[in-house]
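Throughout, read-outs are computed from the coordinates displayed, never taken from laboratory work. Since the model is a prediction, treat every value here as computed from it, not as a measurement. Heads up, the Cβs are rebuilt from the backbone with ideal geometry, glycines too, and the neighbour counts pull from every protein chain shown.
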Amino acid sequence: MRSGVKFAVIGGVFVVFAGGVGYGAYNIYDGLTGDSGGATTTSASQEVKTGPLSAEEIDKAAKDFLTGWAGGGDAAGVAQLTNDAAAAEPVIDGFHDQARVVEAVITPGKAVGPKVPFTVKATVELDGARKPWSYSSELTVVRGLTTGRPLVDWAPSVIHPKLTAENHLVTSEADAPPIEAVDRNGTKLTKEKYPSLGPVLDQLRERYGADAGGSPGIELMLKSNDETVPDQTLLTLAKGRTGKLRTTLDANVQAAAERAVKKFSEASVAAVKPSTGEILAVANNRADGFNAAMLGKQAPGSTMKIVTAAMLMEKGLAAANRPAECPPNVMYQGRTFQNLDGFSIPSGTFAQSFARSCNTAFIKLIDDTKDDSALKEEAEQVFGIGLDNWQTGITSFDGTVPSATGGEAAAQYIGQGTVQMNVLNMASITATAKQGTFKQPIIVPLSLDDRERATATRSLPYSVAQQLRDMMRLTATSGTGANAMSGLGGDKGAKTGSAEVDGQATSNSWFTGFQDDLAAAAVVQSGGHGGDAAGPVVAAVLGAG
């Protein structure tokens, strides 16, 4: 610990003092486990202990680590109290030397088995700026594999729950000035009101803070070791001057998106304006906080049939009112494909096969294209997918339809196999179908940084675009999307999808649709049928537009 540290017992709490300021707290009277007995240590001459840890061992290991950490003067010694000293030492040292924590009172809660929760009440100081900082975390005590000693099971999250091996804590002048992000109508957008916008707002600040007229303040930040990942502010010690940044988002649509994804775990949704490509909403409800709506990479299931149908109609191999054979199953180059629950349409049209999401009707036409790259070309040339050139304003994945042959190419026709999309990609595909021309999605105006917007090689032929919209309208009124879209009026269309995932018992639920000049797409992990989970999410977002 730091020199000059003093110890005292105050009200049943063990407090470490340095220079008259509290540096650590520990309940030693009742014990974390509720056991009042003292712990024993194992000397080198004693037999190495094995078996479950005793309450006394857990108490002592936690006490030694927490008081040593709070003292802040011997990171190497405290690290030796963990089962990975080499990894622990720089993180413990950085808590004081990089995060600039000058005071810390660490108070444990009651242990639950080997796990010990605790709260940290600290003070962070730099260049005269000083702020309190508090949070909760936990540690786990394990028995050392070689020594048998009770040790803290090391993970960076012991020091702070958001710390990982891929980031670190730093207090300094911020790299970018703070911003006040506003929606298209001037409404303020905050992480508190729109939680899933957190990673979006962080990126917007990182990219455009300097252009928005602000100046940086002093902040305690979570910095990624990857320079392309924006800083996350944990505490503001001194505010900088805030700049204003206008986005294309719509606060009402965003609010509806936030509410909709909260009804399902691991859900994402995005909405775009077909006539302009402006992104009106991006929302995620995920345990990992990942912006899957813009960065996710998953098979989109039968929502991909929008692209497949466009390609088949452009080649003259299908038309909305032309007969299309839809048997219960079909084999193509050694792979068997079937329809949900083995349904068939004995004498239906291509539009009916689209509306009911008949897999076999699409796969039976693959040989007629005489071109395994046809779907990839359609996605790139018409829908702007897979060229890796989108400039939305923040980092995004553009979707991809890799080259494929044989059975793998057939799987792509129904949105399985190697096709990779996220909900922003699918919302854009739907917007292209509605508009007839690809408009690359944007979240901030192009004029902000003069970036070049991606374009497609060509638009959909008018007759193909009209048929595609009519088939999506049929899906929304009497097909697999009818239940989800029933509460919406206006000009509406939809496509459902269920994407099978290896090792996952239930398929992912996908849904995409449009209403007038708004398109949206959603995915719910393990949500099952597209209309059951993702459908209501999309309908709620469209209804707010």
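Calculated on the Cα set of segment 317-473, radius of gyration then Dmax: 16.9, 55 Å.
Output the peptides 231-237, 437-443 sorted from most to least packed, where packing is the average of other Cβ atoms within 10 Å over each peptide's residues.
Per-residue Cβ counts within 10 Å, averaged per peptide and sorted highest first, yield 437-443, 231-237.
The simple Förster model, with R0 at 56 Å and r as the Cβ-Cβ distance, assigns Asp470 and Ala87 a FRET efficiency of 0.40.
Using square roots of five times the C-alpha gyration tensor eigenvalues, list the equivalent-ellipsoid semi-axes of the chain in whole Å, biggest first. Could you put the intermediate results ahead of the total?
Details: eigenvalues 597, 158, 68 Å².
That gives 55, 28, 18 Å for the three semi-axes.
Decide, for segment 252-544, between rounded, prolate and oblate: order the square roots of the alpha carbon gyration tensor eigenvalues as a ≥ b ≥ c, take rounded if a/c falls under 1.5, and otherwise choose prolate if a/b is larger than b/c, else oblate. Walk me through the numbers on the way to the answer.
Working: a/c = 1.45, a/b = 1.28, b/c = 1.13.
Since a/c stays below 1.5, the shape of segment 252-544 is classed as rounded.
In the chain, the longest principal axis of the Cα atoms and the axis of helix 423-435 are about 30 degrees apart.
Between Arg451 and Ala76, residue separation times 0.36 nm minus the direct Cα-Cα distance comes to 130.1 nm.
With runs of 4+ DSSP H residues as the only contributors, calculate the mean residue ellipticity of the chain at 222 nm using -39,500 (n - 2.57) per run, divided by the residue total and rounded to the nearest 500.
Calculated at 222 nm, the ellipticity per residue is -7500 deg cm²/dmol.
Highest mean packing first, where packing is the average number of other Cβ atoms within 10 Å per residue, the peptides 250-258, 192-200, 140-148 line up as 250-258, 192-200, 140-148. With everything on Cα atoms, drop me the angle between helix 305-314 and the longest principal axis of the chain, reported from 0 to 90° to the nearest 10. Taking the Cα atoms of the chain, the angle to 305-314 is about 30 degrees. In terms of Cα atoms, the Rg and Dmax of segment 417-545 work out to 15.3, 47 Å. Peptides 506-512, 318-324 ranked from most to least packed give 506-512, 318-324, packing being the mean of other C-beta atoms within 10 angstrom over each peptide's residues. Size check on segment 194-350: the Cα extents along the three principal axes, sorted descending, read 71, 32, 30 Å.
So how many Å³ per residue does the convex hull of the Cα atoms of segment 179-247 work out to? All intermediate terms of the calculation are to be shown ahead of the outcome.
On the way: hull volume 6.2 nm³, N = 69.
Spread over its residues, the Cα hull of segment 179-247 gives 90 Å³ apiece.
Straight-distance candidates among the aspartates and glutamates for linking to Lys273, with alpha-carbon spacing under 16 Å and chain neighbours fewer than 8 residues away dropped: Asp183, Asp250, Asp491, Asp516, Asp517. From the alpha carbon centroid of segment 491-545 to that of segment 225-283 is 20 Å.
Please identify every one of the trypsin sites (Lys or Arg not before Pro) in segment 242-313 that sits in a loop by DSSP and has no more than 15 other beta carbons within 10 Å of its own beta carbon. Numbers along the way, then the final one.
Numbers: sites: Lys244, Arg246, Arg259, Lys262, Lys263, Arg286, Lys297, Lys305; in loops: Lys262, Lys263, Arg286, Lys297.
Passing sites in segment 242-313 are Lys262, Lys263, Lys297.
Here segment 355-420 and segment 96-152 have alpha carbon centers that stand 50 Å from each other. Legend: calculated FRET efficiency, Ser157 to Thr276, from the Cβ-Cβ distance at R0 = 60 Å, rounded to 0.05, equals 0.90.
Treating the angle as unsigned and between 0 and 90°, give the value, to the nearest 10°, between the Cα long axis of helix 534-544 and the longest Cα principal axis of the chain. The two axes meet at around 90 degrees.
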